[in-house]
Amino acid sequence: MSKQDGSGRLVTADPTDDVSAPILHVDMDAFFASVELLDRPDLVGKPVVIGHRSDRSVVTAATYEARKFGVNSAMPMAIALRRCPQAIVLEPHGEKYRHWSSVVMSMFDDVTPLVERLGIDEAFLDVSGAIRLMGPPWQIATELRRRVHAETGLRCSIGAASTKFVAKLASSVSKPDGLLVVPHDQTIAFLHPRPISALWGVGGKTEEVLANLGLRTVGDVATASPDTLVRAVGAAAGAKLHDLAWARDPRRVHTDTTEKSVGHEMTFSTDVVDPDVIRRELLRLSDKVGARLRAAGLSGRTVVLKLRTTDFVTITRSRTLADPTDLGRRIYDEVRSVYEATGKQHERIRLVGVRVEQLGAAGDGGLSLGLWDDDAEWREAESTMDALRARFGAAAPTPASLLRAGGDDSRRRSRHDRDRPGRDRPAAAGE
């Protein structure tokens, strides 16, 4: 099936005509960093970190040379530079990432219409229907890797298996720039020696709980009694882990690209202890989230507040509405109420975020415009703001309460924005 090639990765070295592994997981290698190096070939082979060069910034991406020093994405830049003082820091460019993502995803679409995008740099492909014309999964994946590199200069790793879970695991152990095919009849042999951290949903705490029971490999979890797992991690999680340990994953590749959540976050340049500054930022972010919802024709039922304290403790609280909304003011009213209930008004805050979940088409799910007396007025006002933004862009008028907060703008420093580099970034779904 596979072998070590000296780099520590597992790869399928020889062609195989096995057709029992039609699910591909394609993951671009160090995507953001690799895109930046397309314009800086002189830096290839050097430790490069993508992010803003500020002690309060976080690492967006890192080359494999930087990762050897323990540098990882989402790590505070200050820690990254301590671990790798010789690292070269490059500013992120979201428009480049979107461009090359679109180019690569279009290649996936040329192979099969069954492409499930998992963000900007990875996707699942079901190539069952392409086998007759294009050959077995190994051949399809090999040609896809060749084409991606030939036409973009970027490299990707691909895992092929009979389920999404195993395909994703296969791509991860084949990195960088590898291909691993796991035939159906070899799945258990591949899976069971893996550490339990390979199972989806097993984080540090769950791993510790299972390790205390003597469960250290996927095979250990597979042979553990279901009752043991249920007592350790609960009924739902226990059943899920047992299924995954036996490679039971019924999920199909689906092409539904509907957003699961819409959100924005802001990291402050200095920690904020003034609750009024936090409230104004919540209003600004809520306004942006509402505008994005309306632009996408969506409304949401659950409002989520995210706070990160100066010591990097993340606090997430949510509230579910009786009716879905796409109004920034409604979002703000709820998220501010959630904020007041946290009791964190006098803690030092470094990041604040607003997100709306449980999305559906605007007007569906019982949206009642007359339930709150002022909704109609706010809807008219925000629709007017949408029109002004469409016409004038960043020069459009700003809500008066935000203008009054203008003096605080210098206190904000934006994180990388995949849509517009240099501004506060949309929050990733599930953060």
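The values are calculated or read from the model by the stated rules, or taken from the named source; none is laboratory data. In this text, all values refer to a predicted model and were calculated from it rather than measured experimentally. Note that each Cβ is placed from the backbone with ideal geometry, even for glycine, and that neighbours are counted across all protein chains shown.
Taking Val304, is it among the hydrophobic types (A, V, I, L, M, F, W, C), assigned by the TED database to the domain that holds Ser337, surrounded by 20 or more Cβ atoms within 10 Å (Cβ to Cβ) and at pLDDT 90 or above? In short, yes.
Taken over region 301-313, the criterion of being closer than 24 Å to Ile349 by Cβ and in contact (Cβ under 8 Å) with a residue 12 or more places away in the chain is satisfied by Thr302, Val303, Val304, Leu305, Lys306, Leu307, Arg308, Thr309, Thr310, Phe312.
None of Val202, Val277, Val273 is β-branched (Val, Ile, Thr), over 30 Å from Ser337 (Cα atoms) and either assigned by the TED database to the domain that holds Thr342 or touching a residue at least 24 places away in the same chain (Cβ under 8 Å) (or both) except Val202. Of everything in region 68-83 that is aliphatic (A, V, I, L, M) and part of a loop (DSSP other than H, G, I, E, B), the residue that is modelled with the lowest pLDDT is Ala74. So for region 96-108 (the condition being at pLDDT 95 or above and in contact with a Ser or Thr (Cβ under 7 Å, 6 or more places away or on another chain)), does at least one residue qualify? Looking through region 96-108, at least one residue is at pLDDT 95 or above and in contact with a Ser or Thr (Cβ under 7 Å, 6 or more places away or on another chain).
Scanning region 151-181 for residues that are more than 30 Å from Asp39 (Cα to Cα) and in a helix (DSSP H, G or I) yields Lys164, Phe165, Val166, Ala167, Leu169, Ala170. Restricting Leu154, Leu114, Leu125, Leu144 to those that are more than 21 Å from Thr60 (Cβ to Cβ), surrounded by 14 or more Cβ atoms within 10 Å (Cβ to Cβ) and in contact with a Phe, Trp or Tyr (Cβ under 7 Å, 6 or more places away or on another chain) reduces the list to Leu125. Scanning region 317-347 for residues that are surrounded by 14 or more Cβ atoms within 10 Å (Cβ to Cβ) and among the charged types (D, E, K, R) turns up Arg317, Arg319, Asp323, Asp326, Arg329, Arg330, Asp333, Glu334, Arg336, Lys344, Glu347. Go through the residues of region 210-229 one by one and say whether even a single one is farther than 27 Å from Val148 by Cα, under 21 Å from the mean Cα position of the chain (by Cα) and surrounded by fewer than 16 Cβ atoms within 10 Å (Cβ to Cβ). Checked against the condition, which is being farther than 27 Å from Val148 by Cα, under 21 Å from the mean Cα position of the chain (by Cα) and surrounded by fewer than 16 Cβ atoms within 10 Å (Cβ to Cβ), region 210-229 yields no hits at all.
The residues in region 333-359 that are more than 30 Å from Ser54 (Cα to Cα), over 22 Å from the mean Cα position of the chain (by Cα) and not small (Gly, Ala, Ser) can be counted, and the count is 4.
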